[in-house]
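Notes to accompany the following structure.
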């Protein structure tokens, strides 16, 4: 994300360019102004695309089995539930983004995802999971779907027009649906884990105390050697021997 | 064979071509250094966002109970089996990405119950455990030292537990798929984590034995000894001595 450091580096590079243009005023390149505009436009477009990509990573997300959609959180972004006489469907606005770090957002969700409500899973509203394969509908497919009255009413409510501005994704057929019992392996006695760690801590404390005692005795021994009358003589002999070996 | 061209493409093409024709495009002598700085600065900004965009495009891991999304490069590295008292745990690296010809090794690691990990698809992994972020990656040594050591040694990840490490470590012991997680469960998990600092220190000392004492004495000596200006300069220029390793480092793009 963009931090103060990045802004500082950006300013530094520009500042370097300005300083360079004053220091070397003759280092010029004759270039048509339109080319400069085109280069700046290209930089702006690539920057915007990269920004939108970064914003999507920082946004809420609907994860499905074959696609992921970022979501804009704001006004009129609630889920809708519709009943077609057989089952409930959930309609989720998608493809927008909130980049909280930069305080900029997409101001809307230019797409909707329709999936069976019972295949929507949600531990928190930020990362819902759709256990379905998603397919993007063509205008023809949307008009076929709209023949069913509830979906027709839905598209009318959403002011959907087949102008390519709103993408419609339709999900069905789950591959990953499975009972939670598959995850119920092992026991979760947290006290046991905590107990194991506590006993290893006691054991390690004993080892550490032993080491401390060992170190104290070593230091005491070292002090005894340094403090003895013969210590300077021993040190001198050691040094002479080392010097001879070096020669 | 008919060639399909969008009308908008033709319009853009005409605008560009017109802009490049000399009668319209007056030539100005522009300073090269200033132009270079403009190009460099915009590339720099785009690059920062592009890395985040790569993370969005690549594989992802979602900590469902904490509402956190991270990018990932590799799969879970190792795991243990469950017993009648403790769950089987797994080491899950994350934080890297792989898009097109660019990839970065996972810098972070989480240790969570193996049964709380679920693959929604090849690109998306869900974790149903409250994985608490640890204050420092070194604390993973205290709560799951066997996994921490293998993550550090692994050449697949850039996870390390050095003092100035940029790695993040998470630890979770509960599994929301088995039963709803209560406040008491989380308190107990937190209790385990909160005293991990002391255990990590003790493990550090215990693992290297007498060398720990020697190191401590050396540390005492070096704290009283003044470094010469030449040595400081050498360290500044050449850096401190490090062992040769095939392990990926923690820079963004490798």
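None of the figures in this text is laboratory data; all of them are computed from the coordinates on show. None of the values given here were measured: they were computed from a predicted structure. Don't worry about glycine lacking a Cβ; one is built from the backbone with ideal geometry, like all the others, and counts go over all protein chains shown.
The overall shape of region B:1-103 is prolate: from the C-alpha gyration tensor, with semi-axes ordered a ≥ b ≥ c, the ratio a/c is 1.5 or greater and a/b exceeds b/c. For the segment A:19-30, counting C-beta atoms of other chains within 10 Å of every residue's C-beta and taking the mean gives 5.
Roughly how tilted is helix A:190-227, in degrees to the nearest 10 and between 0 and 90, from the longest Cα axis of chain A? Around 30 degrees separate the two axes. Under the simplified labelling scheme, the residue A:19-residue B:187 pair shows an inter-label distance of 5.9 nm, with each label point 7 Å from Cα along Cα→Cβ. A straight chain from residue A:212 to residue A:83 at 0.36 nm per residue would run longer than the Cα-Cα distance by 39.2 nm. So if I take the centroid of the Cα atoms in region B:72-127 and the same for region B:184-226, what is the distance between those two points in Å? The distance from the Cα centre of region B:72-127 to that of region B:184-226 comes to 28 Å.
Computed extension length for residue B:221-residue B:27: 63.0 nm, one decimal, from 0.36 nm per residue of separation with the Cα-Cα distance subtracted. Sort chain A into rounded, prolate or oblate with this rule: let a ≥ b ≥ c be the square roots of the eigenvalues of the Cα gyration tensor; rounded if a/c is under 1.5, and if a/c is not under 1.5, prolate when a/b is larger than b/c, oblate otherwise. Taking the square roots of the gyration eigenvalues as a ≥ b ≥ c, chain A is oblate.
Using a cutoff of 8 angstrom between alpha carbon atoms and counting only pairs six or more residues apart, the relative contact order for chain A works out to 13 percent.
Packing here is the average count of other Cβ atoms within 10 Å per residue, and on that basis the peptides B:53-64, B:36-47, highest first, run B:53-64, B:36-47. By the gyration tensor of its Cα atoms, with a ≥ b ≥ c the square roots of the eigenvalues, what is the shape of region A:60-183: rounded for a/c under 1.5, prolate for a/b over b/c, or oblate? Oblate, because a/c is 1.5 or more while a/b does not exceed b/c. Partner shielding of B:180-189 amounts to 1, given as the average count of beta-carbon atoms from other chains within 10 Å of each residue beta-carbon. How much FRET efficiency would the formula 1/(1 + (r/R0)^6) give for residue A:199 and residue A:220, where r is the Cβ-Cβ distance and R0 is 30 Å, rounded to 0.05? About 0.40, to the nearest 0.05. For chain B, the average shadow cast by the Cα convex hull is 25.4 nm², which is a quarter of the hull's surface. Each Cα pair under 8 Å and six or more residues apart adds its separation to the average, and for chain B the resulting relative contact order is 15 percent. Full extension of the chain between residue A:33 and residue A:45 yields a length gain of 2.5 nm, computed as 0.36 nm times the residue separation minus the alpha carbon distance. Taking the C-alpha atoms only, the angle from helix B:196-208 to the longest principal axis of chain B is near 80 degrees.
If you run the Gaussian network model on chain A, springs between alpha carbon atoms under 10 Å, then out of A:202, A:225, A:13 the most flexible one is A:225. A straight line joining the Cα centroids of region A:91-129 and region A:183-247 runs 57 Å. Beta bridges assigned by DSSP with both partners in region B:59-217 are antiparallel in approximately 70 percent of cases. Quick one: Debye curve from the C-alpha atoms of region A:4-56, no solvent, what's log10 I(q)/I(0) at q = 0.14, 0.21, 0.28 Å⁻¹? Here the Debye-derived log intensity ratios amount to -0.59, -1.01, -1.05.
May I ask what percent, to the nearest 5, of DSSP beta bridges between residues of the protein assembly as shown are antiparallel? Given both bridge residues lie in the protein assembly as shown, the antiparallel proportion sits at roughly 80 percent. Each peptide in A:156-166, A:33-43 was scored by the mean count of other Cβ atoms within 10 Å over its residues; highest first, the order is A:33-43, A:156-166. Axis of helix B:229-238 versus longest Cα principal axis of chain B: the two differ by about 60°, to the nearest ten degrees.
Within 10 Å of the Cβ of each residue in B:164-177, the mean number of Cβ atoms contributed by other protein chains is 1. Using 1/(1 + (r/R0)^6) with R0 = 35 angstrom and r between the beta carbons of residue A:172 and residue B:11, what's the FRET efficiency to the nearest 0.05? Once the sixth-power term is evaluated, E becomes 0.30.
Give the Rg/Rh ratio for region A:167-247, taking Rg as the radius of gyration of the Cα atoms and Rh as the Kirkwood radius, to two decimals.
Value, to two decimals: 1.60.
Can you pull the Rg over Rh of the protein assembly as shown, Cα-only, Kirkwood? Ratio of gyration radius to Kirkwood radius for the protein assembly as shown: 1.10.
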